[in-house]
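Q: I am attaching a structure below and will ask some questions about it afterwards.
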Amino acid sequence: MPIARAITRSSELLQRGKCATITRQGTADDDIYFILAGSVSVQVNGRQVAIRGQGEHFGEMAAIDPTMLRSATIKTLEETVIARLRGSVFLEIAKRFPDLWKNATVTLARRLREREKFHRPPRSQPVVFIGSSTEGLDVAEGVRSFFSRRECVPKLWSEGVFECSQTTIESLTGLARECDFAILVLTADDMTVSRRRERPAPRDNIVFELGLFMGAIGRDRTYVLAQDNPALRVPSDLLGVTRLHFSRDSKRKSRASMRRAMHALWAKIVKHGPI
């Protein structure tokens, strides 16, 4: 195709290793990139919002309007080969081939709709969701008490965060959009049988909430505070989540373990900051 040949002749071929930064949010360059092999992560305010792969392009917003700053940071997820085209050259080619404008604007409109919810200034203070079962509410209240004395906004599940007019899933989905972090308390509330062995396990709804927040805000912002019980059965797909423990053996042990866990959680929240 004439368009493809024109782009190929004018592009610079680049090869980048895993975790390389191609563009950085807030910078003023206007190159457009075409992915020939590999894949990249699209990150807005430090949060991954999309993945682009072979045959896709990125950077079209800045290329079309050179006055715009980069709206996202792009990082490689693996060994990646890309073709870089200067924004001014892209505009010249687009003048010769009007179909290029049409395709670029259709893609741009779709991506703007996808990213609209992510493009807001980061909150001045992180919002932290705290979830638990009814049986673990006393622990969750202790977590809320600790974070209420820090520069953050704790949201305990029992304090009106679920709207009466919405289903639980609707409320949780809305919460996931509003929160920067989630702390889920796992306690030995139920008994399950696996491979003919009976073991204590957390409530299914807490495991569901864990999965939802992991998908919405990421594993590095979703934390587990688990009862210190070696027999407590935790799904294997949650093993990559930061897990801290608290003891219920005695009041003294409980306080000491909670204190350690809370300070460790706060250090992670300070490190990552609001989305």
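The values are calculated or read from the model by the stated rules, or taken from the named source; none is laboratory data. Not measured: the values here are computed from a predicted model. When we count neighbours, we look across all protein chains shown, and the Cβ atoms used for this are built from the backbone with ideal geometry, even at glycine.
Q: Give the residues of the stretch 49-69 that are surrounded by fewer than 18 Cβ atoms within 10 Å (Cβ to Cβ) and not in a strand (DSSP E or B), sorted by residue number.
A: Q54, G55, E56, D65, P66, T67, M68, L69, listed by residue number.
Q: Restricted to the stretch 1-48, and to residues that are among the aliphatic types (A, V, I, L, M), within 19 Å of the chain's Cα centre (by Cα) and farther than 14 Å from E78 by Cβ, which residue is surrounded by the most Cβ atoms within 10 Å (Cβ to Cβ)?
A: By that ranking, first place goes to V42.
Q: So, of the residues in the stretch 19-48 that are among the polar types (S, T, N, Q) and assigned to a strand (DSSP E or B), which turns out to be farthest from S88 (Cα to Cα)?
A: Q48
Q: Within the stretch 181-199, can you find the residues that are crowded, with 17+ Cβ neighbours inside 10 Å and touching an Asp or Glu at 6+ places or on another chain (Cβ under 9 Å)?
A: Of everything in the stretch 181-199, those that are crowded, with 17+ Cβ neighbours inside 10 Å and touching an Asp or Glu at 6+ places or on another chain (Cβ under 9 Å) turn out to be A182, L184, T187, A188, D189.
Q: If I filter the stretch 174-196 for residues that are part of a loop (DSSP other than H, G, I, E, B) and without any contact (Cβ under 8 Å) to a residue 24 or more places away in the chain, do I get at least one hit?
A: Residues of the stretch 174-196 that are part of a loop (DSSP other than H, G, I, E, B), as a first pass: 179-180, 187-189, 195-196.
Okay, now just the ones that are also without any contact (Cβ under 8 Å) to a residue 24 or more places away in the chain, so 195-196.
Yes, the stretch 174-196 has at least one match.
Q: Report, by residue number, each residue of the stretch 197-226 that is without any contact (Cβ under 8 Å) to a residue 12 or more places away in the chain and basic (K, R).
A: Result: R197, single match.
Q: A further question follows. Of (1) at pLDDT below 80; (2) in contact with a Pro (Cβ under 7 Å, 6 or more places away or on another chain); (3) among the acidic types (D, E), D30 satisfies all except one. Which?
A: Looking at each condition in turn, D30 falls short on (1).
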